[in-house]
Amino acid sequence: MVNRFFKSTRVRNAVFPFMAWWSLLDRATVKNDTIAGITAGVLILPQAIALATLAGLPPEYGLYTAIFPVIITALYGSSWHSLSGPNTALAVLTAMTIAPFANIGSPDYIQYAITLTFMAGVLQLAFGVLRLGVVFNYFSHSVMVALVTGVGIIIVIQQVGNFLGVVMNLNETLDQVVYQIFLAIPRANHYAVMVGATTVISGLLIKRFRPKWPHYIMAVAIGMIAAWVIGMLVGSGTARIDMLGFMKFSAVPFSSPDFSPEDFGPFANFAYPAAIGMAVLGLMQSSVIARSMAAKSGQQGLDMNQEVIGQGLSNILGSFLSCFTSCASFNRSAANIEAGAKTPLAGLISAFALALLVFVAAPVIAYLPVSVMAGVLFLVGSALVKVKDIRHLLAIKDGGRVVFLLVLFTTLGSGVDDGVYLGIFLSIVGYLRNVSKPSLELVFEREKAYYLSAGMELDDTTAIAISGSLFFGSSHNIERALINVAKDDHRQANLIVMAEHATSIDISSAEVLVQEARRRQANKYRMSLWVRPGALEDPQVVKVLEAALGAENIFCSGRAKKSIAETGLIKPATREKLI
C-alpha cells in the first residue's frame, strides 16, 4: 500500500518535487549545470555581503542566506532556473523595520531578523498550501516597477554615509536621512570617498565595455587594491578606511525564532505587518522571476503554487540556519540561465561552491573596505532604477502612470511595507476595474441564416456581441451599453445578444438582460440570447432568463444552433444547468 502510494506520480511530485527534473540529468546537463553553478556561486559573494550590510546584519548572515535558501528552493520549488538568496528590497525592509528597536548588528537585532524570516516563511507556505500562488500573477507591472525603483533609490541614499566614511543614524525617515547627508559632507573621509568612487567607476566601465565580465567582483577587487595603495602611500592611520573585519563562520549556523513575551512583545505590533509585507513582496518578485525565466528557457509546467511553497520552506528552514528573509534574485537567476544552466542542479552546485569559497577566502574578505561595499550597493541600487521602464510608464495616459507615481512616492515617503500594501490595493482595484468592463460591440454584418435561425427579420433586428465575465461587478457597464444601443434603435427592433464568448452569467447581469427584454417586449419586440455551453451554470439564472425571454429565445451555441427547449438540456421539472 505504501509503495503504491509513493509510486503515484501526483503524490511523488508533491512530496519530492525535484523528482520532476532529476531524471533529466545526463552527462551534458551535469556539465552545463556545474559550470553555471560555480559561476553563480562566485558572482553572489560580494552582493551577499553587501546586502547583509544593507539589512543591518553581520556580513556572514548574507552568505548564509545565499547558501541555504537556494538549496531548499532548488529541491522544493518549481522553477528550474530561478535562484533564491538575499534580496535588496527585503534587506531594506528588514533594516527599516528593526532599526528603531535595536542597534544594528546587535544580538537583539539579529534575533528580530531571524523571527521576521520565520513569520514571513509561514505566511508564504500558507499561500502555497491554500493554492493561492496564482494571486501573484495579478500584480500590475506599474506596481512592480514603482517598488523596485523606490528600493533602488533608498539603497543609494542609505549608503551615502558609508560611501563618505561617516557614521550616520539610519533610524530616520528618508527626508531626515537626506538632511544628515548634507551635514555629513563636510566631515567626509576623502580617502574613503576615493576608494568608493574607484569601485563605482570601475564597475560602470566594466559593465559598459565588457558586459560579459563579472563587474561586481572586479569592482570589489579594484576597490580593495585602491584602498591598499592609499594605505601604502599615506599610512593606514591617516587613511582611516573602515574594514569589514573577520567573520565568524559556522558550517551549521543554528538559530531559532523567539516569540517570548519579554523579547518579542515590544516588537510584535510592528513585526506582524512587516512580515506580511515581506512575504508578499518576496512572492511578488519570485513569481515574476519564475515566469520570466520559464519564458526564456522554455520550461513547461511551471507550478506557481509549488514555487510559493518552496519559497515559504526556504524562509522557515532558513530561520533555523541564521538566514534573513530571502526570495528569488534577479541578478543571480539571470546569471544562472545565461551561464547555461539546465536544471536546479545548478542552484545546488552554486550553494556548495559559495560555501567552499567563503571558507577559503575568509581572511581576504576581512580586509574588504566598507566604502567598497557602499560602492557595490550604489551599483546594485542604480541597476534597479530602469529608466526605460519609467519613461514608458510616465508616457502612458491611463491609470498606469498614476499607480506608478503613487506607489513610488509612498515607498520613498512611508517605507517599502506601505508601498507594498498600496500596490496590493491598487492592483486589486485595477484588476476589478478591467474585469468589470466586458467587451461589447454592435454587429453590422453577419450571415443571414444566423438571424433567420432565431426566427427574426434582418430589417428590424439589432445584434450586439458581448465577451468577458458578466457578473455583479460588470452589470452596471452592461446596462450602460444597452442604454447606448437603445439610443440608436429606440427599442423599436428585435435584439440579439450574442454572448457566445461570455465566460459566465450571474444573477445580477441576468437581471439587467431581463429588464432590457421586458422593455423590448413592451414595444412588441423580443430579445434573443445566445450563450455557449457552460456559461449558464446557476439554475436560478436560467430560470430568470427563461421566464422573461422564453425558452425558445435562449440558444446554446454548439454544432447546431438550437434553443434550450429544443436541446432538452433544460427540463421543466429539474431546470438542470447547461453543460
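Kindly indicate the residue of the range 119-143 that is under 12 Å from the mean Cα position of the chain (by Cα), assigned to a helix (DSSP H, G or I) and surrounded by fewer than 19 Cβ atoms within 10 Å (Cβ to Cβ) and also modelled with the highest pLDDT among those meeting that condition. Filtering the range 119-143 for residues that are under 12 Å from the mean Cα position of the chain (by Cα), assigned to a helix (DSSP H, G or I) and surrounded by fewer than 19 Cβ atoms within 10 Å (Cβ to Cβ), the one modelled with the highest pLDDT comes out as 141.
Cβ-Cβ contacts under 9 Å between residues 6 or more apart (or on different chains), taken from a first residue in the range 348-366 that is over 15 Å from residue 68 (Cβ atoms) to a second residue that is assigned to a helix (DSSP H, G or I) and polar (S, T, N, Q), are absent. Taking the range 304-321 as the range and being surrounded by fewer than 19 Cβ atoms within 10 Å (Cβ to Cβ) and within 17 Å of residue 18 (Cβ to Cβ) as the test, the residues that pass are 305, 317. One residue stands out among those in the range 472-500 that are touching a Pro at 6+ places or on another chain (Cβ under 9 Å) and farther than 16 Å from residue 549 by Cβ: the one that is surrounded by the most Cβ atoms within 10 Å (Cβ to Cβ), which is 474.
Residues in the range 270-291 that are surrounded by fewer than 19 Cβ atoms within 10 Å (Cβ to Cβ) and more than 16 Å from residue 138 (Cβ to Cβ): 270, 272, 273, 276. On the stretch given as the range 379-404, residues that are part of a loop (DSSP other than H, G, I, E, B) and either closer than 24 Å to residue 219 by Cβ or touching a residue at least 24 places away in the same chain (Cβ under 8 Å) (or both) total 2.
Is it fair to say residue 417 is under 30 Å from residue 147 (Cα atoms) and at pLDDT below 85?
On the way: under 30 Å from residue 147 (Cα atoms): yes; at pLDDT below 85: yes.
It is true that residue 417 is under 30 Å from residue 147 (Cα atoms) and at pLDDT below 85.
What residue, of 260, 287, is farther than 14 Å from residue 120 by Cα and in contact with a helix residue (DSSP H, G or I) (Cβ under 9 Å, 6 or more places away or on another chain)?
Numbers: 260 fails: in contact with a helix residue (DSSP H, G or I) (Cβ under 9 Å, 6 or more places away or on another chain).
Exactly one residue qualifies, and that residue is 287.
Starting from residues that are in a helix (DSSP H, G or I) and among the basic types (Lys, Arg), keep the ones in the range 191-225 and report whichever is nearest to the chain's Cα centre (by Cα).
So the first thing to find is which residues in the range 191-225 are in a helix (DSSP H, G or I), and the list is 191-209, 215-225.
Imposing the further condition that a residue be among the basic types (Lys, Arg) reduces the set to 207-208.
Values: 207: 26, 208: 28 Å.
Within the range 191-225, the match that is nearest to the chain's Cα centre (by Cα) is 207.
Can you find even one residue in the range 336-350 that is crowded, with 22+ Cβ neighbours inside 10 Å, among the aliphatic types (A, V, I, L, M), at pLDDT 85 or above and not in a helix (DSSP H, G or I)? No: the range 336-350 contains no residue that is crowded, with 22+ Cβ neighbours inside 10 Å, among the aliphatic types (A, V, I, L, M), at pLDDT 85 or above and not in a helix (DSSP H, G or I). Collect the residues in the range 57-85 that are touching a Phe, Trp or Tyr at 6+ places or on another chain (Cβ under 7 Å), under 17 Å from residue 117 (Cβ atoms) and crowded, with 24+ Cβ neighbours inside 10 Å, keeping them in residue-number order. Scanning the range 57-85 gives 57, 61, 65.
The values are calculated or read from the model by the stated rules, or taken from the named source; none is laboratory data. Keep in mind that what you see is a predicted model, and the values were worked out from it rather than measured. Neighbour counts run over all protein chains shown; Cβ positions are idealised from the backbone, glycine included.
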